[in-house]
Amino acid sequence: MSEALLSVNDLRVSFRTERGDVEAVKGVSWSLNAGETLALVGESGSGKSVSAMSVLQLLPYPRAWHPSGSIRFAGEELMGAPGPLIRSIRGGRIGTIFQEPMTSLNPLHTVEKQIAETLRIHKGLQGKAARERILELLELVRLPEPVRRLKSFPHELSGGQRQRVMIAMALANHPELLIADEPTTALDVTVQARILELIKELQQRFHMALLLISHDLNVVRHMADRICVMRYGEVVEEGAAEQVFITPQHAYTRLLIESEPRGGPYSSRGGEPVLVGDDVKVHFPIKAGFFRRVRDYVRAVDGVSLRVHPGQTVGVVGESGSGKTTLALALLRLQQAKGRIVFLGEDISRLPSRRLRPKRKAMQVVFQDPFGSLSPRMSVEQIVAEGLQVHQPELTAEQRQQVIAQALEEVGLGAELMPRFPHELSGGQRQRIAVARALVLKPRLIVLDEPTSALDRSVQAQLVDLLRELQRKHQLAYLFISHDLKVVRALAHQIIVMKDGKVVEQGDAETVYRNPREPYTRELLEAALM
């Protein structure tokens with residue numbers, strides 16, 4: 001039997017911290033053959049990305065170090081290999097697709113310059129030859145209008161387009177191995193499906209090995225030949241993908257497979273709507289010419305109407321750029337808009353800021369990325385207390401602490417977390433803190449903007465259960481924005497499907513799921529159930 005293309009044996013990785021060394025990877029071993037796909041699966045903190053980044057020595061040395069282990073690629077030992085050898089393999093024989101292309105692409109360089117750099121370093125290509133190869137790569141990954149996109153910067157591309165540029169860079173030098181670290185986590189379901197199909201097609205075309213790191217078992221089921229399940233830095237199960245999915249041996253593997261939002265929304269009593277939007281429009285002017293006259297408008301939200309009742313959830317679904325977040329900001333009067341907006345029976349469309357401010361206590365928001373929306377310089381207590389200091393300044397320090405402790409308890413956390421900071425918490429804990437911050441003011445409406453997209457599957461399921469229970473207990477009205485239709489199905493009573501600022505389908509959630517009228521809705525559903 002021929003030697004594996006990549007073999008990892010007894011790999012150990014530790015991180016030096018102020019509290020001593022922390023062992024992140026504890027003696028893992030796995031191998032990958034040419035043309036094969038191996039998936040490293042596990043929740044955040046399981047050690048899967050640390051293991052994969054060790055292959056190319058991309059860990060933050062010297063804070064990270066390898067007490068022991070061997071990593072052999074095509075017969076060569078990479079552990080402790082000299083810098084020139086590692087640099088020749090990185091981006092050359094081994095390509096990498098990172099999780100978030102917006103942070104891994106240089107914001108100051110054009111698409112052409114970024115791809116040209118790897119061609120110059122590994123192939124010595126410059127000028128016309130490099131440009132021809134770049135266009136060939138952009139056409140290979142099916143980037144629209146590749147000639148025009150050469151001079152584009154990352155911020156001028158959509159998420160799917162940025163990921164295609166990352167794939168083009170990874171493939172530039174015909175790698176033997178492609179490492180894909182959560183390559184579709186930040187993408188819409190339809191874009192995710194296209195990117196996965198593209199990676200699979202290119203892998204087969206060039207007979208590449210693929211090391212896929214993911215916590216999304218739908219992606220893994222679609223892509224992998226073999227699976228390594230990791231937990232707390234160890235491999236707890238390994239085997240053929242089909243075997244692992246059909247007859248999982250380890251309890252943790254079974255937990256991952258079963259951990260997706262289940263059930264549906266609870267039966268609501270209804271009542272007078274908490275929020276009404278009638279013919280809501282948000283148009284951004286396009287200015288051109290020397291005098292910057294308005295030539296046209298970007299119709300981000302174009303005539304949307306909805307009603308959100310107590311104890312009910314309205315799910316707003318659609319791809320990036322469909323207008324769903326802009327709609328939410330308009331309804332909260334955080335974005336200038338036309339149309340009629342009624343909150344708790346009062347028309348707030350033209351209400352001045354001074355009169356609107358007291359009403360904001362009853363309308364709260366939970367954002368997509370808790371790490372970005374929680375101040376890293378504030379403790380949990382200070383974060384949750386912010387709204388109380390604005391809307392209930394009469395509370396004493398002791399009363400405020402009691403209210404905060406109660407809010408933390410309601411979201412399944414203890415008062416002992418109050419002195420901790422966001423970086424000391426897990427993703428699920430941070431999102432629960434964000435929910436507590438909204439809940440502490442006893443709102444009537446909570447806007448949930450992609451609150452589960454950055455979380456592991458098991459944590460997603462826990463958060464959905466929590467939101468459902470809080471809604472039942474407090475008769476909260478939710479406006480739930482998401483591109484994940486499985487999560488939406490578990491919470492929503494009504495669904496609005498948006499595309500290009502317009503509503504393409506709207507109605508009872510189960511009716512939309514079972515009998516979608518519009519081709520776009522069917523496309524979203526098919527991609528979500530891939």
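In table form, for the structure just shown:
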{"item": "Looking only at segment 355-411, and only at residues there that are under 23 Å from the mean Cα position of the chain (by Cα), touching a residue at least 40 places away in the same chain (Cβ under 8 Å) and open to solvent by 50 Å² or more (accessible area, probe 1.4 Å), the one that is farthest from LEU275 (Cα to Cα)", "result": "PRO376"}
{"item": "Flag if LEU143 is among the aliphatic types (A, V, I, L, M), at pLDDT below 90 and over 27 Å from the mean Cα position of the chain (by Cα)", "result": "no"}
{"item": "Candidates LEU356, LEU255, LEU332 - the one that is of a type in the set (A, V, I, L, M) and under 30 Å from ASP225 (Cβ atoms)", "result": "LEU255"}
{"item": "Neighbours by Cβ (under 8 Å, 6+ apart or cross-chain): first from segment 294-309, surrounded by 14 or more Cβ atoms within 10 Å (Cβ to Cβ); second at pLDDT below 80 and not hydrophobic (A, V, I, L, M, F, W, C)", "result": "HIS309/SER268; HIS309/GLY270"}
{"item": "Residue check for GLU394: assigned to a helix (DSSP H, G or I) and out of contact with any Leu (no Cβ under 7 Å at 6 or more places or on another chain)", "result": "no"}
{"item": "Candidates GLY263, GLY271, GLY289, filtered to the one that is touching a His at 6+ places or on another chain (Cβ under 9 Å) and loosely packed, with under 15 Cβ neighbours inside 10 Å", "result": "GLY271"}
{"item": "Residue in segment 179-190 that is part of a strand (DSSP E or B), open to solvent by 10 Å² or more (accessible area, probe 1.4 Å) and of a type outside the set (A, V, I, L, M, F, W, C) present", "result": "yes"}
{"item": "Options LYS200, LYS287: the member that is free of Cβ contacts under 8 Å to residues at least 60 places away in the same chain and touching a Lys or Arg at 6+ places or on another chain (Cβ under 7 Å)", "result": "LYS287"}
{"item": "Which numbered condition GLN99 fails, given (1) part of a helix (DSSP H, G or I); (2) open to solvent by 40 Å² or more (accessible area, probe 1.4 Å)", "result": "(1)"}
{"item": "Among (1) assigned to a strand (DSSP E or B); (2) in contact with a helix residue (DSSP H, G or I) (Cβ under 9 Å, 6 or more places away or on another chain); (3) open to solvent by 60 Å² or more (accessible area, probe 1.4 Å) - the single one ARG87 does not satisfy", "result": "(1)"}
{"item": "Strands (runs of 3 or more DSSP E) contained in segment 1-73 and holding at least 2 residues over 18 Å from LEU212 (Cα atoms) and either small (Gly, Ala, Ser) or open to solvent by 60 Å² or more (accessible area, probe 1.4 Å) (or both)", "result": "6-17, 20-32, 64-73"}
{"item": "Segment 326-351, residues that are assigned to a loop (DSSP other than H, G, I, E, B), open to solvent by 60 Å² or more (accessible area, probe 1.4 Å) and on the phi < 0 side of the Ramachandran plot", "result": "LEU334, GLN336, ARG350"}
{"item": "Set ASP216, ASP225, ASP279: member being touching a residue at least 60 places away in the same chain (Cβ under 8 Å) and farther than 29 Å from GLU450 by Cα", "result": "ASP225"}
{"item": "Filter result for GLN161 (open to solvent by less than 40 Å² (accessible area, probe 1.4 Å), of a type outside the set (D, E, K, R) and either in a loop (DSSP other than H, G, I, E, B) or at pLDDT below 90 (or both))", "result": "yes"}
{"item": "Some residue of segment 41-56 being over 30 Å from LEU255 (Cβ atoms) and either among the charged types (D, E, K, R) or out of contact with any strand residue (DSSP E or B) (no Cβ under 6 Å at 6 or more places or on another chain) (or both)", "result": "no"}
{"item": "Check on PRO443, over 22 Å from the mean Cα position of the chain (by Cα), at pLDDT 95 or above and not β-branched (Val, Ile, Thr)", "result": "yes"}
{"item": "Among (1) in contact with a Ser or Thr (Cβ under 9 Å, 6 or more places away or on another chain); (2) part of a strand (DSSP E or B), the one test that LEU256 misses", "result": "(2)"}
{"item": "From LEU441, LEU455, residue being outside any helix (DSSP H, G or I), under 21 Å from PRO376 (Cβ atoms), open to solvent by less than 20 Å² (accessible area, probe 1.4 Å) and not small (Gly, Ala, Ser)", "result": "LEU455"}
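The values are calculated or read from the model by the stated rules, or taken from the named source; none is laboratory data. For clarity, every value in this text was computed on a predicted model and none was experimentally measured. Every residue, glycine among them, receives a Cβ derived from its backbone with ideal geometry; neighbour counts consider all protein chains shown. These area figures cover heavy atoms from the full protein model, side chains too; ligands, DNA and RNA do not enter into them. Shrake-Rupley method; radii C 1.70, N 1.55, O 1.52, S 1.80 Å.
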